[in-house]
Amino acid sequence: MLEVKNLHVNVEDKEILKGVDLKVDLGKLVVVMGPNAGGKSTLAYAIMGREGYEVTDGDILFNGESILELDTDERARLGLFLAVQEPPPLPGVKGSLLIPAVIKRRRNLPMDNKLMDIKILREVRPKLDSVGLDSSYMGREVNVGFSGGEKKRFELFQALAYDPKIVILDEPDSGLDVDGVKLVAKLLDEMRSNGKGVLLITHNPRLLHFVEPDEVNVLIDGRIVKRGGMEVAEFVEKHGYEKVLSG
């Protein structure tokens, strides 16, 4: 479904990714872990086509077709979703406006249909409940005045509401307490069980104790240096990333 092939990416003329290969199939949970500044977020942004992340070699395929020439919104409409590490505030944009607008765009529905907005808001309400947020968050400006945990939960809500095919989560457990981490793990399992492909990006293996990843990749200095199952995460947790490089 999503395949990254020999991906090289420059940011501000500096090479960050140096030949990354990765595949995320539907119904699979693939983990990319590594130390800070190793290229994890760059990988996520490059997949989504963020401006300033220049692909100098390699390819990104979705359903076997290259998406390098597509804008970010076009990639999103294909079925890619990225929950970023630091969700930005959107002053003046309420959830009750944002969520229906995105869903209507994805479904090619008329953008000026207000009755459809009400129907969509009713449809996604259970998904808001599932991340531990009440309906008041839909009346608030997105991420404005939200705590770190609330931002993460609202991002997870969007990942459920938009119904993408591939979900990319960049440090979804950042800023969450233990209950929040367990919630993230539960939602990850639900996404996988519902046939979505999940790319989980993290530097901390603690979240992996609550899920059973199908594949774990260690990304250091722009390269995948180790690939395997849960034993890879356990090795990192016990010995650290330097030991991965040395043996």
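Residue pairs, Cβ under 7 Å, 6 or more apart or interchain, first in region 109-127 and modelled with pLDDT under 95, second among the charged types (D, E, K, R) and in a helix (DSSP H, G or I). List them.
Once the first residue is modelled with pLDDT under 95 and sits in region 109-127, its partners that are among the charged types (D, E, K, R) and in a helix (DSSP H, G or I) give M111/K104; M116/K104.
For the structure I just gave you, tell me whether K196 is within 17 Å of the chain's Cα centre (by Cα), over 19 Å from V211 (Cβ atoms) and not small (G, A, S).
Against the criterion (within 17 Å of the chain's Cα centre (by Cα), over 19 Å from V211 (Cβ atoms) and not small (G, A, S)), K196 does not qualify.
Only one of these is assigned to a strand (DSSP E or B) and either at positive phi or basic (K, R) (or both): K226, K182, K152, K119. Name it.
Of K226, K182, K152, K119, the one residue that is assigned to a strand (DSSP E or B) and either at positive phi or basic (K, R) (or both) is K226.
Go through the residues of region 151-164 one by one and say whether even a single one is buried (at least 16 other Cβ atoms within 10 Å of the Cβ), hydroxyl-bearing (S, T, Y) and either more than 22 Å from M191 (Cα to Cα) or touching a Lys or Arg at 6+ places or on another chain (Cβ under 9 Å) (or both).
Yes.
I want to confirm something. Restricting to region 65-78 and keeping residues that are out of contact with any helix residue (DSSP H, G or I) (no Cβ under 7 Å at 6 or more places or on another chain) and free of Cβ contacts under 8 Å to residues at least 40 places away in the same chain, which single residue is surrounded by the fewest Cβ atoms within 10 Å (Cβ to Cβ)?
In this case the residue turns out to be E69.
Could you run through region 32-58 and say how many residues are in contact with a Leu (Cβ under 9 Å, 6 or more places away or on another chain) and part of a helix (DSSP H, G or I)?
8
Would you say E171 is of a type outside the set (K, R) and exposed (fewer than 14 other Cβ atoms within 10 Å of the Cβ)?
no
Answer with yes or no whether N217 is of a type in the set (S, T, N, Q), surrounded by fewer than 18 Cβ atoms within 10 Å (Cβ to Cβ) and either within 13 Å of A233 (Cβ to Cβ) or without any contact (Cβ under 8 Å) to a residue 60 or more places away in the chain (or both).
For N217, the condition - of a type in the set (S, T, N, Q), surrounded by fewer than 18 Cβ atoms within 10 Å (Cβ to Cβ) and either within 13 Å of A233 (Cβ to Cβ) or without any contact (Cβ under 8 Å) to a residue 60 or more places away in the chain (or both) - is not met.
So for region 83-94 (the condition being among the aliphatic types (A, V, I, L, M), part of a strand (DSSP E or B), under 25 Å from V24 (Cβ atoms) and out of contact with any Leu (no Cβ under 6 Å at 6 or more places or on another chain)), does at least one residue qualify?
No.
What pairs come up if the first residue lies in region 79-98 and is closer than 22 Å to V167 by Cα, the second is in a loop (DSSP other than H, G, I, E, B) and among the acidic types (D, E), and their beta carbons are under 6 Å apart, counting only those six or more places apart or on different chains?
Q85/E171
Return yes when E141 is more than 27 Å from I16 (Cβ to Cβ), more than 21 Å from the chain's Cα centre (by Cα), buried (at least 16 other Cβ atoms within 10 Å of the Cβ) and among the charged types (D, E, K, R) and no when it is not.
The answer is yes for E141.
Taking the stated definitions as given, is G52 surrounded by fewer than 16 Cβ atoms within 10 Å (Cβ to Cβ), touching a residue at least 24 places away in the same chain (Cβ under 8 Å) and over 17 Å from the mean Cα position of the chain (by Cα)?
Yes; evaluated as a whole, the condition is true for this residue.
How about region 136-149: which of its residues are modelled with pLDDT under 95 and in a helix (DSSP H, G or I)?
Once the filter is applied, which keeps residues that are modelled with pLDDT under 95 and in a helix (DSSP H, G or I), region 136-149 yields G148, G149.
Considering each of V232, V218, V236 in turn, give the residue that is touching a Pro at 6+ places or on another chain (Cβ under 8 Å), at pLDDT 90 or above and closer than 21 Å to L17 by Cβ.
Being touching a Pro at 6+ places or on another chain (Cβ under 8 Å), at pLDDT 90 or above and closer than 21 Å to L17 by Cβ holds for just one of V232, V218, V236, which is V236.
Each row is one residue, and each column tells you yes or no for (1) among the charged types (D, E, K, R); (2) under 19 Å from L208 (Cβ atoms); (3) modelled with pLDDT of 95 or more.
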site: M1; (1), (2), (3): no, no, no
site: L7; (1), (2), (3): no, no, yes
site: N10; (1), (2), (3): no, no, yes
site: K18; (1), (2), (3): yes, no, yes
site: D21; (1), (2), (3): yes, no, yes
site: V24; (1), (2), (3): no, yes, yes
site: V30; (1), (2), (3): no, yes, yes
site: P35; (1), (2), (3): no, yes, no
site: Y45; (1), (2), (3): no, no, yes
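So, in region 190-207, how many residues would count as being in a helix (DSSP H, G or I) and either surrounded by 15 or more Cβ atoms within 10 Å (Cβ to Cβ) or polar (S, T, N, Q) (or both)?
Total satisfying the criteria: 5.
The values are calculated or read from the model by the stated rules, or taken from the named source; none is laboratory data. Here the structure is a predicted model, which means the values were calculated and not measured. A quick note on method: Cβ atoms are made from the backbone with ideal geometry, for glycine too, and the neighbour counts reach across all protein chains shown.
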